[in-house]
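The values are calculated or read from the model by the stated rules, or taken from the named source; none is laboratory data. Predicted model, so just to flag it, every value in this text is computed and none were measured. Note: ideal-geometry Cβ built from the backbone for every residue, glycine included; neighbour counts use all protein chains shown.
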């Protein structure tokens with residue numbers, strides 16, 4: 001080394017120690033010690049290189065004639081330092097890329113899990129809706145069959161009523177014909193015939209009255225059956241509304257649960273940043289945690 005250039009003496013004297021500690025060092029940033037070694041090594045070498053450049057600039061101001069020699073010396077020393085620094089830097093960047101790839105892979109896996117869960121929830125909701133619809137269809141079919149049975153029964157009863165009316169009328173016509181024939185044949189027995197006629201008329205009136213009461217009772221039963229049909233239709237409508245309200249309530253509950261989980265995740269993240277900030281505020285000037293403080297600051301600057 002030229003004796004005229006002494007500004008780098010201290011750095012040059014310590015270069016052997018620097019090379020022994022940092023030259024061709026292989027670090028494993030997947031471990032805590034390896035990560036601390038890489039960040040602290042890069043920081044130390046970067047500081048030495050910065051000092052070399054600062055000395056170069058300062059010394060050139062005072063030694064214009066020796067500027068080229070200082071530049072050459074600075075270049076030579078930088079060429080020694082820079083590869084070692086770049087070795088750490090390359091390892092750190094490779095680890096950062098690996099960590100990013102792992103984070104991306106985890107995020108993709110998490111997204112896929114969420115997508116599978118959403119598809120499963122949609123399948124369950126669809127199955128539940130299909131089941132409810134099938135039950136409604138079955139209930140509607142059973143009620144339809146029951147209504148048809150009642151309608152057939154009403155028609156049957158109405159037919160019997162009509163047949164009874166026709167029979168009564170026919171019997172009445174027969175009786176009247178017989179009475180007329182009897183009057184024509186038995187002129188002498190007019191009083192007796194009159195009595196028989198009155199008796200027959202009373203019987204007919206009683207039969208007609210009984211038939212009328214029966215018809216009225218059957219008509220009341222028809223109205224009751226019609227009201228039962230209306231009540232059944234209203235019950236079906238009420239059940240449909242209740243089922244739809246239950247589905248809406250379940251969907252709102254699932255949405256609320258998802259939003260609360262997202263808020264908790266964000267709060268946990270903020271709590272983590274706050275905890276790191278408290279650690280820096282408490283231990284920033286503590287030499288024992290100097291390396292950790294540097295690492296935490298650099299990590300927070302990336303966020």
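Of note:
- Annotation: of all residues in region 186-195 being at pLDDT below 75 and surrounded by 10 or more Cβ atoms within 10 Å (Cβ to Cβ), the one that is nearest to residue 212 (Cα to Cα) is 193.
- Hey, residue 147 more than 30 Å from residue 32 (Cα to Cα), at pLDDT 80 or above, assigned by TED's automatic domain parsing to the domain that holds residue 206 and over 36 Å from the mean Cα position of the chain (by Cα) or not: yes
- Within the option set 199, 183, being more than 25 Å from residue 162 (Cα to Cα) and at pLDDT 80 or above holds for one residue only, 199.
- Close contacts from region 28-44, counting a first residue that is free of Cβ contacts under 8 Å to residues at least 12 places away in the same chain and a second that is assigned to a loop (DSSP other than H, G, I, E, B), with Cβ to Cβ under 6 Å and a gap of 6+ residues or different chains, come to 34/27; 34/28.
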